[in-house]
Amino acid sequence: MDYEMKLPNGVGEQVLAHTVEKFEVKLKHTDYGPVLVGTADELENAKDFIVESINKRLNELSNKKEDNETEK
C-alpha cells in the first residue's frame, strides 16, 4: 500500500533528486505542494535522509558563519 508524505518548505532540488534515486519513492506534484509517494518504510527512510541532509547543511552554514566571525 502506498502512502503520501508532504514535503516541508526548504527541501532543495538536489536533496529531492538524491532521495528519489536512493529510495523507492516517487515525487508527485499536488495542488498543495510536492509529496513523496511510497511504502511506509521507504517514506520513513526517505524522511530520515531528508532530515539528515538538512541538518548537515545547516551545520555547514553555522560553521561558516562562525569562521567568518573569527576572522574579523
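The values are calculated or read from the model by the stated rules, or taken from the named source; none is laboratory data. What you are looking at is a predicted structure, and each value in this text was computed from that prediction instead of being measured. Quick reminder, even Gly has a Cβ in these numbers, built from the backbone with ideal geometry, and neighbours come from all protein chains shown.
Listing for the model above:
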quantity: The listed residue being modelled with pLDDT of 95 or more and either of a type in the set (A, V, I, L, M) or not in a strand (DSSP E or B) (or both), out of E66, E4, E44, E60; calculated: E44
quantity: Residue in the stretch 12-35 that is surrounded by the fewest Cβ atoms within 10 Å (Cβ to Cβ), counting only those that are in contact with a helix residue (DSSP H, G or I) (Cβ under 6 Å, 6 or more places away or on another chain) and not charged (D, E, K, R); calculated: L27
quantity: Which numbered condition K72 misses (of (1) surrounded by 10 or more Cβ atoms within 10 Å (Cβ to Cβ); (2) at pLDDT below 95; (3) charged (D, E, K, R)); calculated: (1)
quantity: Residues satisfying the stated conditions in the stretch 1-37, i.e. farther than 17 Å from D48 by Cα and not charged (D, E, K, R); calculated: M1, H29, T30, Y32, G33, P34
quantity: Cross-chain or 6+ apart pairs with Cβ under 8 Å, the stretch 12-24 first and under 15 Å from E44 (Cα atoms), then polar (S, T, N, Q) and exposed (fewer than 15 other Cβ atoms within 10 Å of the Cβ); calculated: E24/T39
quantity: Subset of the stretch 17-36 [over 12 Å from M5 (Cβ atoms), not in a helix (DSSP H, G or I) and not hydroxyl-bearing (S, T, Y)]; calculated: E24, H29, D31
